Amino acid sequence: MLPNTEWLLLGVVGMYVYDATLLLYHNEVVFFERRDGRWSFSVGTEFELAGRHVYVPPLFAPTRALLRLRWSSQKEPGNPAPLHGLRAWRAGVTATALPLLVVALLFAAMPAVLAGNVYGLLGWMFALYAAIGAAVWRVWRMRRITGLAGKTFSGMASDALLCAPYALNLVRKQGARAAERFDLFAVAHALLDADERRRLGDAIRTRLQRQLDIEEAGSDRQQQLQTYLQQIEGALA
């Protein structure tokens, strides 16, 4: 067995969880795919870290897609326009799932590999980086479908290649950078059932009310938030 195995495993898990965790602003929502194939959402925990709400995705399901979107009180939610490109985006993100599943399985085998000899470790590392390279290549091939800019892809690719545990979040990271591409309310109508949309409306109203409570009475900002709060009522029906 290689020395300091326990600390190495703990470090890998820690880096993976750190990279997977999202800190959401008050106006951000994460839509995520559930085990049964349906979609749900989260606005993060009530606990705040550096003024943002903590969201930890399902750690044992790195191949499930998520979308990190936001609402803006400067834009009327109204009736959502037809949503274009969501199905293609989901197909593009799913293309990364197979090599990423191989990466996950290789990490799952890591304790057994560390208990073996150096040659087994070298073979494991070769297989791991081959799988990570394949996953990065898939992200590159699908970048136009998923809407990734070159600079964004470069950052994701360098993270995955320089820190292998970060590669486990490649599917999630593609959705965490989609805020400029999709409208939150249109996505909610496309992915969520009626009960989930009602729950989302309640969550948004709670966040808006919290903002209203800290705004100066009679200010332009308070009036803007109150108007938006009224508009939310029918936007998710």
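Values quoted throughout were computed directly from the atomic coordinates according to the rules given, and no laboratory measurement underlies them. These figures come from a predicted structure and were not determined experimentally. Ideal geometry is used to build each Cβ from the backbone, glycine not excepted, and the neighbour counts take in all protein chains shown.
Quick check for me: using +1 on Lys/Arg Cβ and -1 on Asp/Glu Cβ, what's the dipole size of segment 107-237 about its Cα centre, in debye to the nearest 20?
660 debye
Go through 163-170, 213-220 and give me the packing order, highest mean Cβ count within 10 Å leading.
Most protected by this proxy first, the peptides run 163-170, 213-220.
Segment 1-48 to segment 183-215: how many Å between their Cα centroids?
Taking the Cα centre of each part, segment 1-48 and segment 183-215 sit 22 Å apart.
Just tell me, in residue order, which DSSP H segments of the chain are both 20 angstrom or longer along the helix axis (alpha-carbon based) and at least -0.5 in mean Kyte-Doolittle hydropathy.
5-20, 118-141
Set Lys and Arg Cβ to +1 and Asp and Glu Cβ to -1, take the dipole of the chain about its Cα centre, and tell me which of Asn169, Val139, Ala104 lies farthest positive.
The residue sitting farthest along the positive end of the dipole is Val139.
Restricting everything to alpha-carbon atoms, can you work out Rg to Rh for segment 61-164 with a Kirkwood hydrodynamic radius?
Taking Rg over the Kirkwood Rh, I get 1.12.
Roughly how big is segment 5-187's charge dipole about its Cα centre, with Cβ charges of +1 (Lys, Arg) and -1 (Asp, Glu), in debye to the nearest 20?
Dipole magnitude for segment 5-187 comes out near 680 debye.
Please find, in a Gaussian network model of the chain (springs between Cα atoms separated by less than 10 Å), the residue of Leu66, Leu98, Leu184 whose mean-square fluctuation is greatest.
Highest fluctuation of the listed residues: Leu98.
Within 9 Å, Cβ to Cβ, of Val43, how many net charges do the neighbouring residues add up to if Lys/Arg are +1 and Asp/Glu are -1?
Residues close to Val43 contribute a combined charge of 0.
Given Cα pairs under 8 Å that are at least 6 residues apart, what percent is the relative contact order of the chain?
Result for the chain is 26 percent.
Consider all pairwise Cα distances in segment 5-187 and report the whole-number % of them above 21 Å.
Beyond 21 Å sits 53 percent of the P(r) for segment 5-187.
Only helical DSSP H runs with n ≥ 4 go in: add -39500 (n - 2.57) per run for the chain, normalise by residue count and round the 222 nm mean residue ellipticity to 500 deg cm²/dmol.
Using -39500 (n - 2.57) per qualifying helix, the result is -18000 deg cm²/dmol.
Where the centre of each part is set by its Cα atoms, how far does segment 59-73 sit from segment 118-150, in angstrom?
21 Å
Compute the Rg/Rh shape ratio of segment 137-214: radius of gyration over Kirkwood radius, all on alpha-carbon atoms.
Rg divided by Rh gives 1.12.
Springs between alpha-carbon atoms under 10 Å, Gaussian network over the chain: tell me which of Arg52, Arg87, Arg177 tops the mean-square fluctuations.
Ranking Arg52, Arg87, Arg177 by mean-square fluctuation puts Arg87 first.
State, as an integer percentage, the relative contact order of segment 113-237 based on alpha-carbon contacts under 8 Å between residues 6 or more apart.
Relative contact order comes out at 18 percent.
Which net charge results when you count Lys and Arg as +1 and Asp and Glu as -1 among the other residues whose beta-carbon is under 13 Å from that of Asp213?
+2
Loop-only check: which GluC sites (Glu not before Pro) in segment 1-70 are DSSP coil with at most 15 other Cβ within 10 angstrom?
Of the GluC sites (Glu not before Pro), the ones in loops of segment 1-70 whose Cβ has at most 15 other Cβ atoms within 10 Å are Glu46.
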